[in-house]
Structures are given as C-alpha cells and as structure tokens.
Amino acid sequence: MKIFVYGSLREGFFNFNKYINSAAKKIELGEVIGKLYAIKDQEYPALLEEDGIVIGEIITVENCDLKAIDNMENYFGENNPNNEYNKIKKEIKNLETGEIEILDVYVYNTTNPKFSYNNLIPIASGDWKKYKN
C-alpha cells in the first residue's frame, strides 16, 4: 500500500518515527497540486487546494496503522465538519518514475469552524523539509 505525505510524516520528522518508521518499505519523492502553509504555533503544515506545487514522499508501507494516522490528522470521517484535515484522493506525480498515482492526501479543512487564514504562513518552496531545515 502507498501513502503520500508532505509534512511531519515525512522521513526524518517526529511523526514518521512515531507512525511509519519500520513499516516503510520504499520512499520516493512526489508532488501534488496545492499550496503549502506553515501553521502558527504548530510543528506541521497545511496543504490547501490552491494553485502551486507541494513536494512530499510516496511511501510504500506494510503493516502500517492507518487508523492511527487518521486520528493524528484529526480526520474523523468523510465530510465531518470537525476534521482538521480531509482525506482526499489526488493525483500525485512520482518524481522518480514520472508516473501519476492516485493516492489519499490529507488536505487542510477550510470549512472547520476553527480555520483561519490568519494562522497560515505561505511556504514558497512548497517543501516542508526545505522550510524546516
């Protein structure tokens, strides 16, 4: 099974170590259309469905607890207004093979009552690793 991650679940970050780690069998660079933002006072980013490119990783996993990742992302189910992130199938371009893959992506929920653009700082590179290093 493959997942696409672009923030704290990327290799080298705390949530990768906590939720994926040894379940990762292969890690490839990928990109998705969207715009990446840092969230004030948080150690994870937000992807919004806007024009731009966001860099992330396509991770092939085995025996990974995807429900635990849903919980960490505050994803409670499809169309739930309290989701911090919605899980949406999107086209991911595999930057190593050139192929387009359809994978679930956690997209920041702009309809959540707590959402505010004032808490978001645009990340011009679209790459959380570059932004944090």
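The values are calculated or read from the model by the stated rules, or taken from the named source; none is laboratory data. All values derive from a computational prediction rather than experimental measurement. Glycine also receives a Cβ, built like all others from the backbone with ideal geometry; neighbour counts cover every protein chain displayed. Heads up: the accessible areas ignore ligands, DNA and RNA and are worked out on the full protein's heavy atoms, side chains in. Shrake-Rupley method; radii C 1.70, N 1.55, O 1.52, S 1.80 Å.
Brief remarks on what is shown
- The single condition among (1) touching a strand residue (DSSP E or B) at 6+ places or on another chain (Cβ under 6 Å); (2) of a type in the set (Lys, Arg); (3) surrounded by fewer than 17 Cβ atoms within 10 Å (Cβ to Cβ) that Lys18 does not meet is (1).
- Residue in the range 64-75 that is open to solvent by less than 50 Å² (accessible area, probe 1.4 Å) and closer than 17 Å to Asp127 by Cα present: no
- Verdict on Asp41 being over 21 Å from Asn118 (Cβ atoms) and either modelled with pLDDT under 95 or exposed (fewer than 14 other Cβ atoms within 10 Å of the Cβ) (or both): no
- Hits in the range 81-133 (condition: open to solvent by 40 Å² or more (accessible area, probe 1.4 Å), in contact (Cβ under 8 Å) with a residue 24 or more places away in the chain and of a type in the set (Ser, Thr, Tyr)): Thr97, Thr110, Thr111, Ser125, Tyr131
- Lys67 being free of Cβ contacts under 8 Å to residues at least 40 places away in the same chain and closer than 21 Å to Lys129 by Cα: no
- Hey, Leu9 open to solvent by less than 50 Å² (accessible area, probe 1.4 Å), closer than 18 Å to Ile123 by Cβ and in contact (Cβ under 8 Å) with a residue 12 or more places away in the chain or not: yes
- Glu50 fulfils the conditions (1) crowded, with 20+ Cβ neighbours inside 10 Å; (2) without any contact (Cβ under 8 Å) to a residue 24 or more places away in the chain except for a single criterion, (1).
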